[in-house]
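Participant: Got a structure for you, written out below as structure tokens; questions coming shortly.
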Amino acid sequence: VIAAPLIVTKTSVKKAGKMKAIVVNSGVANSCTGTQGLEDAYTMQEWTAEKLGVEPDLVGVASTGIIGELLPLDTLKNGLSKLVVNGNADDFAKAILTTDTATKTIAVTETFGRDVVTMSGVAKGSGMIHPNMGTMLCFLTTDCDISSEMIREALLEVTRVSFNRISVDGDTSTNDSCIVLANGLAGNAPITDKGADYPAFAEALKTLCTLLAKKMASDGEGATHLMIVEAYGLPTEKDAKLVARSIAGSTLFKAALFGKDANWGRIMAAAGYSGADVDPTKADCILKSAAGEVVVMENGFGTDFSEELAKKVLTEHDITVIVNFHSGDGQATAFGCDLTYDYVKINGDYRS
């Protein structure tokens, strides 16, 4: 099920091959709204293009909010009348929030020769997060001089190990979108292939997107913990990715984390049903935070660990779960959060 703004944006990108602006609304997803929803998304695009003096196909459209409701066009038109060029990025970050408790913005720099390139990102996402392409809503900008082909290549590489590694609740969204714009004003030597500067660009983009991904997982609806899962010693990277994502997405372990219960059996169960090639007979499992670390499983067996220390470790906000299967070189990291009473409260009356 793909929301109308995504259909409009994908169609425009295919036609124009580039983009000059993005318009976003919060509160209504404009998803499952039929022909009228599609027409409204095009109207939103056209109004924005007229305001900015650009062609409609150069405007990307994104929406977030309740599924099944039509856009309130009068409210939208009033909002667009106040649209400013070169406005405050923090105001934009606040405007696109739904159940988020905080804005998610990051900026990083990378030096190519004598030229400094800046990348920045604004994202929103707190629930319905278990991406299978990009993220809920994420907008990246850079002044790097890079071709559309190379920036697309870098984005596909980076989302695979950042946004596609987060899970709040196992639900994906109808409105997932990740858009990146480059204006070339940094004056660096143009990146048109995977030559000398491309790896540095891709690495900087990876840093930016990973930081945004962690912010989203940390701000999961009702969450009290950021969960970082590091999986090592799997036969392949694919196996490690499956294990890490499975643990980060485990409802049972999320609940255990909320209760500060070092129930490592739930971790191993999630690894087992992940679909990866897993041999638990040599596995180690460690729980780690700023308060210390505790080995809860070693060489395939549970250890006689201190429950008091484990609870202390799990009291911190950022918790790292480390599993090592000693069966290969495959490794991967995923991000998640705990599952709390507040998550149920938030989603029990989301529409009302």
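The values are calculated or read from the model by the stated rules, or taken from the named source; none is laboratory data. Given the structure is predicted, the values throughout are model-derived calculations rather than measurements. With ideal geometry, Cβ positions are generated from the backbone for all residues, glycine too; neighbour counts draw on all protein chains shown. What goes into the accessible areas is simple: the full protein's heavy atoms, side chains included, and nothing from ligands, DNA or RNA. Shrake-Rupley method; radii C 1.70, N 1.55, O 1.52, S 1.80 Å.
Participant: So what's the range 1-146 giving for Rg/Rh, alpha carbon basis, Kirkwood Rh from the mean inverse pair distance?
Facilitator: Radius of gyration over Kirkwood radius for the range 1-146 works out to 0.97.
Participant: Continuing with this model, one more query. Under 5 Å between amide hydrogens, which residues at least 5 positions from residue 297 or on another chain qualify, with H placed 1.01 Å from N in the peptide plane?
Facilitator: 285, 303
Participant: Taking the Cα-to-Cβ direction at residue 329 and at residue 236 and moving 7 Å from each Cα, how far apart do the two end points lie in nm?
Facilitator: For the pair residue 329/residue 236, the computed spacing is 1.5 nm.
Participant: Using Cα pairs under 8 angstrom and six or more residues apart, how large is the relative contact order of the chain, in percent?
Facilitator: 15 percent
Participant: With the full set of protein chains in place, find how many percent of the accessible area of the range 257-352 is carbon and sulfur; take the probe as 1.4 Å.
Facilitator: Reported share for carbon and sulfur atoms: 49 percent.
Participant: For residue 32 and residue 46 in one chain, what is 0.36 nm times their gap in residues minus the Cα-Cα distance, to one decimal in nm?
Facilitator: So the extension gain works out to 2.9 nm.
Participant: Once all Cα-Cα distances of the range 247-352 are split into 5 Å bins that start at 0, what whole-number percent is in each one?
Facilitator: For the range 247-352, the pair-distance distribution reads 2, 12, 21, 24, 18, 11, 6, 3, 2, 1, 0.
Participant: Springs between alpha-carbon atoms under 10 Å, Gaussian network over the chain: tell me which of 289, 81, 246 tops the mean-square fluctuations.
Facilitator: 81
Participant: For the range 1-88, which whole percent of the accessible surface, found with a 1.4 angstrom probe, sits on carbon and sulfur atoms?
Facilitator: 53 percent
Participant: How much length would be gained if the chain were fully extended between residue 282 and residue 95, taking 0.36 nm per residue of separation minus their Cα-Cα distance, in nm to one decimal?
Facilitator: 62.4 nm
Participant: Continuing with the same structure: Can you pull the Rg over Rh of the range 247-297, Cα-only, Kirkwood?
Facilitator: Details: Rg = 11.3 Å, Rh = 11.7 Å.
Across the range 247-297, the Cα-based Rg/Rh ratio is 0.97.
Participant: Follow-up. Solvent-accessible area of residue 136, probe 1.4 Å, all protein chains present, reported in Å² to the nearest ten, please.
Facilitator: Rounded to the nearest 10, the figure is 10 Å².
Participant: While we're on this one: If I take the Cα coordinates of the range 184-226 and project them onto the principal axes, what are the three extents in Å, biggest first?
Facilitator: Reported extents, whole Å, longest axis first: 45, 20, 10.
Participant: Now for a different question. Pairs to check: 94/206; 20/124; 15/94; 254/282; 18/238. Give those whose C-alpha atoms are more than 26 Å from each other in this structure.
Facilitator: 15/94; 18/238
Participant: For an R0 of 41 angstrom, estimate the FRET efficiency from the Cβ-Cβ distance between residue 189 and residue 20 and round to the nearest 0.05.
Facilitator: 0.95
Participant: So, one more: Round to a whole angstrom and tell me the spacing of the C-alpha centers of the range 68-90 and the range 24-42.
Facilitator: Taking the Cα centre of each part, the range 68-90 and the range 24-42 sit 14 Å apart.
Participant: First select every other residue whose beta carbon is under 14 angstrom from the beta carbon of residue 255; then total the charges, Lys and Arg +1, Asp and Glu -1.
Facilitator: Once all neighbours under 14 Å are counted, the net charge is -1.
Participant: So if each residue of separation counts as 0.36 nm, and I subtract the Cα-Cα distance between residue 149 and residue 299, what length gain in nm does that give?
Facilitator: The span from residue 149 to residue 299 would gain 49.4 nm if fully extended.
Participant: Here is a follow-up. Calculate the length of the line joining the C-alpha centroid of the range 309-352 to that of the range 207-238, in whole Å.
Facilitator: 8 Å
Participant: Further question: Straight-line reach from residue 260: which lysines have Cα under 19 Å away, leaving out those fewer than 8 places along the same chain?
Facilitator: 288, 311, 312
Participant: Still on this structure, I have one more. Starting from the Cα of residue 157, step 7 Å along the direction of its Cβ; do the same at residue 39; then give the gap between the two resulting points in nm.
Facilitator: Between residue 157 and residue 39, the label points sit 4.5 nm apart.
Participant: What percent of all Cα-Cα pairs in the chain falls into each 20 Å bin, going from 0 up to the bin containing the maximum distance?
Facilitator: 29, 53, 18, 0
Participant: Could you pull out which residues in the range 268-291 have an amide N less than 20 Å from a spot 7 Å beyond the Cα of residue 261, following the Cα-Cβ vector?
Facilitator: 268-273, 285-288
Participant: By a straight-distance test (C-alpha under 14 Å), which aspartates and glutamates pair with residue 10 as possible cross-link partners, with residues fewer than eight away in the same chain excluded?
Facilitator: Answer for residue 10, where 14 Å is the Cα cut-off: 57, 176, listed by chain and number.
Participant: Mind ranking 310-320, 183-193 by how tightly packed they are, going by the mean number of other C-beta atoms within 10 angstrom, highest first?
Facilitator: Answer by packing, highest mean first, reads 310-320, 183-193.
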